[in-house]
Amino acid sequence: MVVYFHIAYQWSRASGHPIGFPASLGSAGVDVFFVISGLIMWIPTAGGRMGPSEFMTKRITRIVPIYWLLTLLLTAVAVARPDLLSTTKFDPAHLIASLLFVPWQHPNYAVDNPMASFAPVIIPGWTLNYEMAFYLLFALFLLVPMRQRFISVTSTLVLVVLAGYLLEPGGRLKLYSDPIILEFCFGIVIGRIYTSAFVVASIVSIGLMTGGLATLLLMGIGGDLPRIISWGIPAAMIVAGAILGEKNRGIRDFMPLRLLGDASYSLYLTHVFTLTAATKVWMFAMSRLHPGALTGMFGSANGIFFAAFSFVAAIAAGVAFYKWVEAPIIGYFRKKGRNGAFVAGRSAGGPGTGVAPTRDSGPDGAPPVVPP
């Protein structure tokens, strides 16, 4: 969904025409991911045996290394060849804030949406700023006895949103009090159900998934409701149906999908690089066909071919980066870790994650995604 959103953006910028299917629906991938984040924060810690230090160590070693690597790479390009980039502009304060996951006004990306205007160097990383804040909050609540933890963390998130609604803060406070953080709550609730003795019938889990997808589609095309309703609730339905269905009857392992799940964080961080290059390659190839190709290429059919080409390129690059960069880094920290929590190739849920949490999965996989 996230990759599609950016493909549609690249196409409309290059051609001046929409790609066809509503691009805005791709942004809802963020909402699905945030629900998953809450879910897989709750499940590994539900036994009460993980403390704040261990929890944050796992989160940081899973998320930070390749994010910093790619952030510094993009910064180096911005310094050496700024003509190659349309959005990124080198700014020392913005770079430091990005590395520390602190929301900072983007020096060259002015938009009305506060979530996007406070984007880091890698613009889709705005979701990671939310993730890190949520990790810190959740780590603090690991000090709370298990019986009170669920109510404590969910009520705190609800109160933060209510405070933002009543006080109408600006800047970063407005960012962190956005109702989108309630999607973490949705995931925690689903995780609480998953770790309980409650079991749903297969028809119920299928109904939740299909109902969530249908609602997401209808809301995304014609709805004008707040995001937490139009995308957040359907996202929660999809995740709940998937995970509770798996609990009830299991799911057959399918290696290609598992590989995409394992590589989803790499795909999330690298696809903006890949799509920029893919667009340039496509434009060059089309221009070489015949003199009128650049005007004729912008029909709906050509948009579909461009989307297919870009999807293949983004996935190939994401999987390659995962196998050759991310997995070795995960393996390194696995060796360094005392409990072997990081298992290369078995990451639970990445940004577009469709991979269910497993006992050996330390990572939460980070989101997800793109300015909506």
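The values are calculated or read from the model by the stated rules, or taken from the named source; none is laboratory data. Predicted model only: the values in this text are computed from it and were never measured. Glycine gets a Cβ as well: all are built from the backbone with ideal geometry, and neighbour counts include every protein chain shown. Just so you know, the surface numbers come from the protein's heavy atoms only, side chains and all, with ligands and any DNA or RNA stripped out. Shrake-Rupley method; radii C 1.70, N 1.55, O 1.52, S 1.80 Å.
Things worth noting here:
- Fully extended contour minus Cα-Cα distance, from Val281 to Ala201, at 0.36 nm per residue: 23.9 nm
- Inter-probe distance in nm under a simple model that places probes 7 Å from Cα toward Cβ, at Ile96 and Leu218: 5.1 nm
- Length gained when the stretch Lys174-Phe311 is fully extended (0.36 nm per residue, less Cα-Cα span): 45.9 nm
- Partner lysines whose Cα lies under 23 Å from the Cα of Lys335, excluding those fewer than 8 positions away in the same chain, are identified as Lys58, Lys323.
- Highest mean packing first, where packing is the average number of other Cβ atoms within 10 Å per residue, the peptides 235-248, 52-65 line up as 235-248, 52-65.
- Solvent-accessible area, 1.4 Å probe, carbon plus sulfur percent, for region 31-99: 69 percent
- The simple spin-label model puts a point 7 Å past each Cα toward its Cβ; for Leu72 and His17 those points are separated by 4.4 nm.
- At full extension, Ile304 and Tyr332 could sit 6.0 nm farther apart than now, given 0.36 nm per residue minus the alpha carbon distance.
- At a probe radius of 1.4 angstrom, the accessible area of region 47-144 per residue rounds to 44 square angstrom.
- Each label was represented as a point 7 Å from its Cα along the Cα-to-Cβ direction; for Asn248 and Leu159 these points are 3.6 nm apart.
- Candidate lysines for bridging to Lys174, where Cα separation is under 27 Å - those fewer than 8 sequence places away on the same chain excluded: Lys89
- Relative packing of peptides 123-131, 208-216 - highest average C-beta neighbours within 10 Å first: 123-131, 208-216
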